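Worksheet for the structure shown next.
The values are calculated or read from the model by the stated rules, or taken from the named source; none is laboratory data. This structure is a prediction, so every number in the text was calculated from the model and none was measured. Every residue, glycine among them, receives a Cβ derived from its backbone with ideal geometry; neighbour counts consider all protein chains shown. Areas reflect the complete protein model, heavy atoms only, side chains present, ligands, DNA and RNA absent. Shrake-Rupley method; radii C 1.70, N 1.55, O 1.52, S 1.80 Å.
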Amino acid sequence: KNTKTIMSSSTTLLLLLLTTAAAAAAAAAAATTATTAATAAVVGEVVGAAVVGEGGDALCSGNQEDYRGRVFVTKSGIPCQNWKSQEPHTVRHVPDDAADDEDGHNFCRNPDGHSSAWCYTTDASKRWEECDVQCQPRNEAGSGAVDCNVDVCDNGGVCEAGRCHCVRGFAGRLCQVMLGTCAATQSKCLGRSRCVDKKHDAFGEVHECQCPENRSGPRCEASELCEGDNDEDYRGRVQKTKSGLRCQRWDADSPHSHRFSKGDFADLDIAGHNFCRNPDGHTSAWCY
């Protein structure tokens, strides 16, 4: 009889131990799940945003100049410096969205035409580094709205209702892609530039003009040189201010209303674009 009592007590104790162990395992699993979710959220903020577009536009052009994702670490894992901060590095280039934000941000951007998105780093010994944003290439056949108050359609394209309507022989979001080969189109690149045939993922055979340092534009038609001390004869294609803000088109009244938006100013070359000019005798080229 005593033996049965001892066995019964042992069984109860074993069941109690097993139940306690199972509860502990479940709690540990729940904690692990919560930790994993939190980690995934952080990783998604740092890496995933560039892939799925969480918190920003994951689409971008070839050199990622229009990337608006939320990656804020460099390829080697260094956190990025805020674009509006001057520590630990002096900032020379500020992207549009950081300049427009009162507090700025430290997301990877390409404000200076580099080959890919980058940022100033928080490491005092390394001024800047490229970022591995891995964004999806923008479909140049038409995706990505065009702001007709700011963007300029190249090669005779006309901006209407958030889209550039290209003339025959050109394509792309801003009509910047020149269709066909150099020989087939008898393309004329200007200013001692060179015509080069290329293969485009969306449009097949295309060509482009490779400009010398002092010229710009799809056909290298714009000269970056100017003779006057106040840039009054500047006819280049710079379209950002010194602080990195994008210029408003001269023929647009939004967001700023001004006297140059209406009237014939052909001799001042301020019609149909947002390039820096000096139409009023200022000390240098400027823009709204």
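Points worth noting:
- Only protein heavy atoms count here; on that basis, with a 1.4 Å probe, Ser116 has an accessible area of about 20 Å².
- Nearest-10 value in Å² for the accessible area of Phe203, using the 1.4 Å probe: 50 Å²
- Accessible area per residue was computed with a 1.4 Å probe on protein heavy atoms; Ser115 scores about 80 Å².
- Compactness of the stretch 152-288 is given as radius of gyration and Dmax, 16.3, 46 Å, from Cα positions.
- A cut-off of 5 Å between modelled amide H atoms, ignoring neighbours fewer than 5 places along the same chain, links Tyr288 with Gln248.
- Accessible area per residue in Å² at 1.4 Å probe, computed on the stretch 62-193: 52 Å²
- A Förster radius of 30 Å, combined with the Cβ-Cβ distance separating Ala161 from Ser243, puts the computed FRET efficiency at roughly 0.50.
- Take the Cα of Ser257, step 7 Å toward its Cβ, do the same at Leu225, and the gap between the two points is 4.2 nm.
- Global geometry of the stretch 89-239, whether rounded, prolate or oblate, following the gyration tensor of its Cα atoms and the 1.5 cut on a/c: prolate
- Distance in nm between pseudo-label sites at Asp233 and Leu190 (7 Å out along the Cβ direction from Cα): 1.6 nm
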